[in-house]
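The values are calculated or read from the model by the stated rules, or taken from the named source; none is laboratory data. Please read all numbers here as calculations on a predicted model, not as lab measurements. In this analysis, Cβ positions are derived from the backbone assuming ideal geometry, glycine residues included, and neighbour counts consider all displayed protein chains. The area values use the complete protein model at the heavy-atom level, side chains included, leaving out ligands, DNA and RNA. Shrake-Rupley method; radii C 1.70, N 1.55, O 1.52, S 1.80 Å.
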Amino acid sequence: MTMKILLIPGLTLPEISADDVARVRTAAGSDAEVIVTTPAEALQHAEQAEVILGPVPRQLFQAAPGLRWVQATSSGVDPYMYPELRDSKVILTSEKGLVGEHLADHAFGLLLLLTRQLPRTLRMGPDSWNHRPALRRQMIELSGLTMGIIGFGGTGRAVARRAHAFGMHCQAIDRDAVPNSPEVPEVQRPAFFPELLATSDVVAICCPLTQETKGLFNAKAFAQMKPSALLVSVTRGEIVVEDDLVGALQNKQIHGAALDVAPREPLPPDSALWDMDNVVMTPHTAGASQYRAGRNIDRFVRNLEHLRHNEPLEGVIDKQLGY
């Protein structure tokens, strides 16, 4: 029986080349039907589809009764967690484990913007020379500080490697019994969360959005952090409660925040976060890398071969846990 595969480009996989299609066809078998389609036109091809690479909104899932496996073109899979897909037998895989390096690059880029007062200095232009003493008083060196990492998967581990290279001490928590690393000799469990907050100079959110992590950083969490602490977030914005973060920054419960993701996206212009000198933000761009699309295609091709040989797939999501 011919396997029908839909390839749907999107934000993180903007185009699928003829070479990519040829690789997919080879991995799937010579009789496979491989269709590159748009999200709007995918419904026309859904009825016989067995495999989809790309976004699968509820309507598309409902139109594909023969679907066996979906590979998300994102590391976070919260858009796929509607009940029909979550509770089905359809296998869901993602890019998890493949995006940590560029997310960690971005996290440190934002952190350095904050600690070295770079946005303020650049905005001042030539006038910055008149503010040297004030700028220097507010600059922070990372060496010797403690980095607390929430979630020790691919992103958390990449953040730890960079933090260690900056001379920081690292500690981390994860809900699962994940392996330690040279930078984190012992990964703690969630019960350590309050102590991690109380003892970290920088807290990096590196976990996925799940029912357990949604709103994890609320007023109670911010009250447990050091007044000098900095928050860095590059995974999912809804892990932070916006009003509570604003209050913590305004009341000097924490020193600053470096955010690539926001509790509301796009973050409206009237959000108080835009006007704070101790906040730096980018528009959910940490996921960008010149290598990302190729890594996703490579995993998809490998997974097709695994599927044909009834072997375990890479990057499988536990749909009940959401990661």
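Evaluating 6.51 cos²θ - 1.76 cosθ + 1.60 at θ = phi - 60° for every residue in segment 222-239, the Karplus couplings come out as 5, 5, 8, 8, 5, x, 8, 6, 10, 9, 10, 9, 10, 9, 9, x, 5, 5 Hz, glycine and proline recorded as x.
Cross-link pairs exceeding 28 Å in C-alpha to C-alpha distance, out of K89/K214; K4/K96; K4/K89; K4/K214, comprise K4/K214. Around the amide H of V232, modelled in the peptide plane, lie the amide H atoms of V203, A204, I205, A258, all under 5 Å away and 5 or more residues distant in sequence or on another chain. Test of the criteria: in segment 42-134, which trypsin sites (Lys or Arg not before Pro) are in a DSSP loop and have at most 12 other Cβ atoms within 10 angstrom of their Cβ? Sites meeting the loop and neighbour criteria: K89. Computed from point charges on the beta carbon alone (+1 for Lys and Arg, -1 for Asp and Glu), the dipole magnitude for the chain about its Cα centre is near 660 Debye. Based on DSSP H segments of at least four residues, each scored -39500 (n - 2.57), the chain has a per-residue ellipticity at 222 nm of -9000 deg cm²/dmol.
Each residue of segment 290-295 was assigned a 3J(HN,Hα) from its phi angle through the Karplus expression (A = 6.51, B = -1.76, C = 1.60, θ = phi - 60°), giving 5, 9, 5, 4, x, 5 Hz with x at Gly and Pro. Think of a 1.4 Å ball rolled over the protein heavy atoms: the chain then has 48 Å² of accessible area per residue.
Share of antiparallel DSSP beta bridges in the chain, in percent to the nearest 5? Beta bridges within the chain, antiparallel portion: roughly 5 percent.
Derived from the Cα gyration tensor, the three semi-axes of the equivalent ellipsoid of segment 223-323 are 38, 15, 12 Å, largest first.
Size descriptors for segment 126-263: radius of gyration and Dmax over Cα atoms are 15.4, 52 Å. Applied to segment 52-64, the Karplus parametrisation 6.51 cos²θ - 1.76 cosθ + 1.60 on θ = phi - 60° returns per-residue 3J(HN,Hα) values of 10, 10, x, x, 10, x, 3, 4, 5, 4, 5, 8, 10 Hz, with x for Gly and Pro. Carbon-plus-sulfur accessible fraction, segment 1-156 (probe radius 1.4 Å, protein heavy atoms only): 54%.
Using a ≥ b ≥ c from the Cα gyration tensor of the chain (square roots of the eigenvalues), is it rounded, prolate or oblate, where a/c under 1.5 gives rounded and otherwise the larger of a/b and b/c decides, a/b for prolate? In terms of gyration-tensor shape, prolate. Proximity of backbone amide H atoms, modeled 1.01 Å from N, is registered between T282 and L259, D260 at under 5 Å, excluding neighbours fewer than 5 places apart on the same chain. Toward the positive end of the charge dipole of segment 30-147, with +1 on the Cβ of Lys and Arg and -1 on the Cβ of Asp and Glu, the farthest Cα among L92, L114, Q71 is that of L114.
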